[in-house]
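Okay, structure first, notes after.
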Amino acid sequence: MSTSSAIPSVVHYEMDHEGDPSRLVYTFGGVDARESLRPGTVLDTSTLDCFAGKIRTIDDHASEVCDPRYLNPQTGPFHVEGAEPGDTLAVHFASIEPRNTFGVSTTVPLFGALTATGFTAMLHNPLPEMTWIYGIDAEARTVRYEARDSEAIYQLPLDPMHGTVGVAPALSEARSALTPGDWGGNMDTPEMRAGVTCYLRVNVEGALFSFGDGHARQGEGETCGVAVETAMDTVVVVDLIKGSGPVAWPRIESDTEIMTTGSTRPLEDAFRISHAQLVHWVAELTGLSIMDAYQFVAQTAQTPIANVVDTNYTVVAKLKKSYLPGIDPMSGVHRRLKEVGRAYLASR
């Protein structure tokens with residue numbers, strides 16, 4: 001590990017928020033790195049929303065103003081020096097803050113959990129395409145919902161997160177930024193908020209890490225397919241874990257919980273992946289046999305559904321650290337990266 005509580009290095013990476021969307025990155029893998037980072041680097045940057053800023057009013061519809069090839073633009077990819085297959089990349093989100101004072105959500109024809117889709121073919125017409133604009137008050141920490149078909153207004157808690165976090169997949173594949181898998185990608189879990197550390201398996205030299213798809217908030221499952229989408233200003237600490245063997249699927253660690261993910265279809269197989277990974281992590285942390293860990297997880301796990309709308313569904317399995325006193329997940333990486341991020345934010 002290269003990390004200490006001091007700030008080893010800082011990279012400010014500027015995204016072009018008004019540029020040509022076709023010049024941005026919309027895949028994990030398949031493109032050259034935009035910047036190189038040393039392990040332990042603090043990355044201070046920003047991300048665009050999933051529509052690259054093309055939707056600004058209730059009269060804008062994604063099917064009319066967006067090119068479907070250019071959705072979910074990514075910040076990156078970043079080459080992490082020394083990263084090679086078999087390593088684990090650790091990404092700590094020190095800060096995720098809305099860049100704008102508004103966010104957007106939509107319904108999109110043939111997309112979402114409660115409408116006919118290309119996978120679930122029906123004879124009836126798709127649900128209507130509509131757009132909602134949400135006011136974001138970062139100081140009050142609220143998101144303002146305004147109904148379209150009535151005068152109803154509700155204030156919801158601001159809960160910023162990133163829908164996409166990932167690395168280049170194995171086998172030299174390039175995968176759409178709309179798709180989640182064992183490389184991370186478009187997992188769309190509200191658990192990917194400030195204060196957590198995400199662990200990703202390195203599949204190619206340099207890892208080629210990228211992220212984006214900021215959400216001011218999102219319900220579990222992302223039922224209509226679109227959260228409160230907005231651009232973000234984000235600070236992450238990127239580090240490398242060598243020599244301990246890679247994680248098979250993305251892991252997430254907060255101060256209070258350990259979490260594992262699974263992304264595939266059908267939904268029950270995503271559930272199985274996430275829970276199998278949690279069983280293995282508990283066995284790794286405690287020395288319990290797989291069967292004993294299986295029994296323990298069966299009685300303690302919570303299972304928030306991240307999304308049931310993307311090309312693959314994502315399920316998270318999480319377990320409270322307090323149930324396993326004395327554990328030290330990933331040899332304390334989360335704790336150390338959190339201190340680095342906190343020191344940087346205090347110095348700005």
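Can you tell which of Met259, Met232, Val25 lies farthest toward the positive end of the dipole of the chain, using +1 and -1 charges on the Cβ of basic and acidic side chains (Lys, Arg; Asp, Glu)? Among Met259, Met232, Val25, the one farthest towards the positive end of the dipole of the chain is Met259.
Using the Cβ-Cβ distance between Arg148 and Lys242 with R0 = 51 Å, the FRET efficiency computed as 1/(1 + (r/R0)^6) comes to roughly 0.50.
Other residues with beta-carbon under 13 Å from the beta-carbon of Ile133 carry, at +1 per Lys or Arg and -1 per Asp or Glu, a net charge of -2. Can you pull the percent of the range 2-86's accessible area that's carbon plus sulfur, 1.4 Å probe, other chains left in place? With neighbouring chains kept in place, the figure for the range 2-86 is 45 percent. Only protein heavy atoms count here; under a 1.4 Å probe, His280 has an accessible surface of about 90 Å². For Arg144, the accessible surface of its heavy atoms amounts to roughly 80 Å² (probe 1.4 Å, protein chains only, rounded to the nearest 10). The stretch between Asp20 and Glu205 holds 63.7 nm of extra length on full extension. This uses 0.36 nm per residue minus the Cα-Cα distance. Cβ under 11 Å from Asp310's Cβ, Asp310 left aside: what net charge do those residues give with Lys, Arg +1 and Asp, Glu -1? For residues surrounding Asp310, the net value is -2.
Ordering Thr300, Thr230, Thr57 from largest to smallest accessible area (1.4 angstrom probe), what's the sequence? Mind dumping the intermediate values first?
Values: Thr300 30, Thr230 0, Thr57 60 Å².
Descending accessible area places them as Thr57, Thr300, Thr230.
Between the C-alpha center of the range 186-241 and that of the range 288-328 there is a gap of 19 Å.
Charged side chains reduced to their Cβ positions (Lys and Arg at +1, Asp and Glu at -1) give the chain a dipole of some 780 debye around its Cα centre. With Kirkwood's inverse mean 1/r over C-alpha pairs for Rh, give me the Rg to Rh ratio of the range 109-254, two decimals please. Computed over Cα atoms, the ratio is 1.03. Taking each of Lys54/Lys242; Lys242/Lys321; Lys54/Lys318 in turn, the alpha-carbon distance tops 31 angstrom for Lys54/Lys242; Lys54/Lys318. Residues of the range 267-290 falling in the label zone of Leu324, defined by backbone nitrogen less than 17 Å from a point 7 Å along Cα to beta-carbon, are 273-290. Accessible surface for Cys224 stands near 50 Å², nearest 10, in the context of the full protein assembly shown (1.4 Å probe). Solvent exposure of the chain, expressed per residue, is 43 Å² of accessible area, with all protein chains present and a 1.4 angstrom probe. Between Gly166, Gly29, Gly53, find the one with the highest GNM mean-square fluctuation for the chain; connect C-alpha pairs within less than 10 Å. Ranking Gly166, Gly29, Gly53 by mean-square fluctuation puts Gly53 first.
Any chance you could tell me what percent of the C-alpha pair distances in the range 191-258 go past 19 Å?
Numbers: 1066 of 2278 pairs.
Result: 47 percent of Cα pairs exceed 19 Å.
Ordered by solvent-accessible area of protein heavy atoms (1.4 Å probe), largest first, the residues Asp310, Asp292, Asp269 come out as Asp292, Asp269, Asp310. The relative contact order of the chain, computed from alpha carbon pairs under 8 Å that lie at least 6 residues apart in sequence, is 23 percent.
Computed over the alpha-carbon pairs of the range 283-348, the distance histogram in 10 Å steps reads 16, 32, 30, 19, 3 percent, short to long.
State the label only: which of [x] 48, 47, 35; [y] 55, 44, 42; [z] 64, 43, 38 corresponds to Cα extents along the principal axes in Å computed from the shown model? Comparing each candidate, only [y] matches the computed number. Considering only Ile153, Val10, Phe211, and ranking their Cα positions along the charge dipole of the chain that arises from unit charges at the beta-carbon of Lys, Arg, Asp and Glu, the one farthest toward the positive end is Val10. Based solely on its DSSP helices, what 222 nm [θ] is calculated for the chain when runs of n ≥ 4 H residues each add -39,500 (n - 2.57) and the sum is averaged over all residues, nearest 500 deg cm²/dmol? So the helix-based figure for the chain works out to -4500 deg cm²/dmol. Between the listed residues Leu37, Ile136, Pro169, the Cα displaced farthest toward the positive end of the dipole of the range 21-169, a dipole computed from Cβ unit charges relative to the Cα centre, is found at Pro169. For the range 85-171, pairs of C-alpha atoms spaced more than 21 angstrom apart make up 57 percent of the total. When a 1.4 Å probe is rolled over the protein heavy atoms, the share of accessible surface on the range 159-292 that falls to carbon and sulfur comes to 53 percent.
The values are calculated or read from the model by the stated rules, or taken from the named source; none is laboratory data. Please read all numbers here as calculations on a predicted model, not as lab measurements. In this analysis, Cβ positions are derived from the backbone assuming ideal geometry, glycine residues included, and neighbour counts consider all displayed protein chains. These accessible areas exclude ligands, DNA and RNA; they are computed on the full protein's heavy atoms, side chains included. Shrake-Rupley method; radii C 1.70, N 1.55, O 1.52, S 1.80 Å.
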